[in-house]
Amino acid sequence: MACVLETPLRMSVLSEVTASSRHYVDRLFDPDPQKVLQGVIDMKNAVIGNNKQKANLIVLGAVPRLLYLLQQETSSTELRTECAVVLGSLAMGTENNVKSLLDCHIIPALLQGLLSPELKFIEACLRCLRTIFTSPVTPEELLYTDATVIPHLMALLSRSRYTQEYICQIFSHCCKLRHWHSCGFKSSPQPLLCANGPDHQTILFNHGAVQNIAHLLSSTSYKVRMQALKCFSVLAFENPQVSMTLVNVLVDGELLPQIFVKMLQRDKPIEMQLTSAKCLTYMCRAGAIQTDDNCIVLKTLPSLVRMCSKERLLEERVEGAETLAYLIETDVELQRIASITDHLIAMLSDYFKYPSSVSAITDIKRLDHDLKHAHELRQAAFKLYASLGANDEDIRKKIIETENMMDRIVNGLSESSIKVRLSAVRCLHSLSRSVQQLRTSFQDHAVWKPLMKVLQNAPDEVLVVASSTLCNLLLEFSPSKEPILESGAIELLCSLTQSENLALRVNGIWALMNMAFQAEQKIKADILQGLSTEQLFQLLSDSDVNVLMKTLGLLRNLLSTRPHIDQIMSTHGKQIMQAVTLILEGEHNIEVKEQTLCILANIADGTTAKELIMTNDDILQKIKYYMSHSNAKLQLAAMFCISNLIWNEEEGSQERQDKLRDIGIVDILHKLSQSSDPNLCDKAKTALQQYLA
């Protein structure tokens, strides 16, 4: 019987709860304005810290009525203000609460409220807007829909310290980046893309954000200073225009970078130190501050290293490591300095042992939180290791010699968190640039196995870095090359060349190019079969020059050693000659044409393959044309073709020499033997000797 009664009992409890909430909503409809005001105040007190009550009131339709009262000109300022406060409190509940408020078009109503002359009401509207815009479910674009909103918010900055705090907070949460380098390694955690149209940084910058916010850094209110600082960090990120402007801004006679450096001092709150370090980092990466400037080398970098110590909170260690990874990502000298600052490489190994049995966390809630977010530390450590090891062989060696490092990377490649997997692959990619490590640590730990597993099923952002790493593991001196081939890599890489993602196409063809270098005939045949002639020529007509260059590189590697050249040209000769003709006729850069002529030189080195050139008058005329080209590289590449065709010791050389003499090649060789370029001169003389022999 208990089961039968269970549902009605629940309904009864729910109806009681709803009934207890209903009288709050009913009072909003009282004809007496004073009773309505008191009802709103009572509602405000009832919802504070009570998510269940908030949800009930939303279900019972409190939001449309509160918004109606807030927008009525006949409502008193006090009533309108209290309505904004209650709505702000409702927004502080769950994400579903925020979605319900957005469905009721709360943002236009609150933005309209900002036109009021009453400061208290404006502040209440801004506080509510701040709460809504800082929720992850709110589209930032809603702030930019009406072009009059941003200038009005700029004007309100001067009204009070509360308007300053809330507006800066809104700006820093609603400033998203439009341009994003999906293939690049961006260490720092940043907002997502914004929609089409001018990006948010540009809109805020054009409406005077820098000038309007700069003086707030000298505010007596810590919260205002902090929110202004956060604004500058999101405005400066990857934005040379904003960063160059910030460098020259004066506040009370001091330049902004100097103010940021002061905020880095150890006696300042950690949040302030971290955010000012971000500002200086982003200005440096945007080119506004030199990487060897004292404010970077002696202030910003050491401050960020300090944030990585185990005395700091988890969030601070994550943010410190990610920002430092971004700061040093492209600068070799900063990587070297960071690697010897405060034993950073060893310090990062603690990120993998957190929280340990000796953690100083006595707060159970904190411990629970940190256990759930320990993966954040691991991904931050991998990112920083990736940046540290990007260029220097000694640093890579130190990283790999860190306790259980390769095991940690291998484990990271199979973690459930996508962020950890991506960062572990980035770290592996950085370390895979080392010839020494490819031959030792990478082989000892068989890292190719988990890497191949990652490549089987992963989002594009992981695939891009994983396939770049695979390119390095397929270099001829890498012991991993053979087992990777045996594990079905050719099929996987051929499929990558068909991807719509440009970086994946490049990496797929690049890896195949490395695979084909000095490879056996069978591997070359497998590549050609896996790629198909149709796909190969699709790649040769790709609009991206990197794809084209890597495809030509693949062809050049396939067409090496005589038996291989003759074999491939006997089956694919017609199509390859057609592709070569099209490229030499097309509007391509010097490097592309040079690579194409080198392919012709390889074909000319074949025993039977060279006849495909000798019987193609169009190709012969093109070789002749490039021998007289204004670019020495193209002349030299064309000369290699001729040398291989006329070499005396090979069968049929006399007939080939005669035909080439008839079309004027010898005359050009005589001219080139007088060239001021020593390479051209020597090559021409060597070729002429073949005629005299």
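Taking the range 383-397 as the range and being within 17 Å of the chain's Cα centre (by Cα) and either within 11 Å of Val318 (Cα to Cα) or not in a helix (DSSP H, G or I) (or both) as the test, the residues that pass are Lys383, Leu384, Ala390. Note on the range 238-253: residues that are part of a helix (DSSP H, G or I) and either over 22 Å from Phe205 (Cβ atoms) or aliphatic (A, V, I, L, M) (or both) amount to 4. Residue check: Glu333 meets all listed conditions (1) open to solvent by less than 30 Å² (accessible area, probe 1.4 Å); (2) modelled with pLDDT of 95 or more; (3) not polar (S, T, N, Q) but one, namely (1).
Among the residues of the range 361-407, those identified as over 19 Å from Ala325 (Cα atoms) and open to solvent by less than 20 Å² (accessible area, probe 1.4 Å) are Asp370, Met406. Criterion first (more than 19 Å from Met347 (Cα to Cα), open to solvent by 30 Å² or more (accessible area, probe 1.4 Å), in a helix (DSSP H, G or I) and among the hydrophobic types (A, V, I, L, M, F, W, C)) does Val410 satisfy it? For Val410, the condition - more than 19 Å from Met347 (Cα to Cα), open to solvent by 30 Å² or more (accessible area, probe 1.4 Å), in a helix (DSSP H, G or I) and among the hydrophobic types (A, V, I, L, M, F, W, C) - is met.
Scan Leu250, Leu298, Leu280 and give me the residue that is among the aliphatic types (A, V, I, L, M) and buried (at least 21 other Cβ atoms within 10 Å of the Cβ).
Leu280
Considered as a group, the residues in the range 150-180 that are among the aliphatic types (A, V, I, L, M) and not in a helix (DSSP H, G or I) include one that is modelled with the lowest pLDDT, and that residue is Leu177. Each residue in the range 429-461 was checked for being surrounded by fewer than 23 Cβ atoms within 10 Å (Cβ to Cβ), within 24 Å of the chain's Cα centre (by Cα), under 21 Å from Leu388 (Cβ atoms) and small (Gly, Ala, Ser), and 1 of them qualify.
The values are calculated or read from the model by the stated rules, or taken from the named source; none is laboratory data. Keep in mind that this is a model prediction, so the values were computed, not measured. Glycine also receives a Cβ, built like all others from the backbone with ideal geometry; neighbour counts cover every protein chain displayed. Protein only, heavy atoms only, side chains kept; ligands, DNA and RNA dropped before computing areas. Shrake-Rupley method; radii C 1.70, N 1.55, O 1.52, S 1.80 Å.
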